[in-house]
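Below is one structure; the comments refer to it alone.
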């Protein structure tokens, strides 16, 4: 989960610099945590190596998770 938090934080920093929005480091981290917790609550998050993330394991105490959602996008189709 830490890697996901770092990645989301970096994405927010990119948007911040691109759009010229002033955010403190605390605001960036708070927004990143909220995004990550929303993802963890709605999706089964696994590392790229296939090991379950520690936070994703906390979902085990709730009802079984639905099958992972997939998005099939076709780029450049007209």
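The values are calculated or read from the model by the stated rules, or taken from the named source; none is laboratory data. Everything numeric in this text was worked out from a predicted model, so none of it was measured. Glycine also receives a Cβ, built like all others from the backbone with ideal geometry; neighbour counts cover every protein chain displayed.
Please work out if residue 44 is part of a helix (DSSP H, G or I) and at negative phi. Against the criterion (part of a helix (DSSP H, G or I) and at negative phi), residue 44 does not qualify.
The rows are residues; the columns are (1) modelled with pLDDT under 95; (2) surrounded by 13 or more Cβ atoms within 10 Å (Cβ to Cβ).
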| position | (1), (2) |
| --- | --- |
| 3 | yes, no |
| 18 | yes, no |
| 28 | no, yes |
| 40 | yes, yes |
| 53 | yes, yes |
| 59 | yes, yes |
| 66 | yes, no |
| 78 | yes, no |
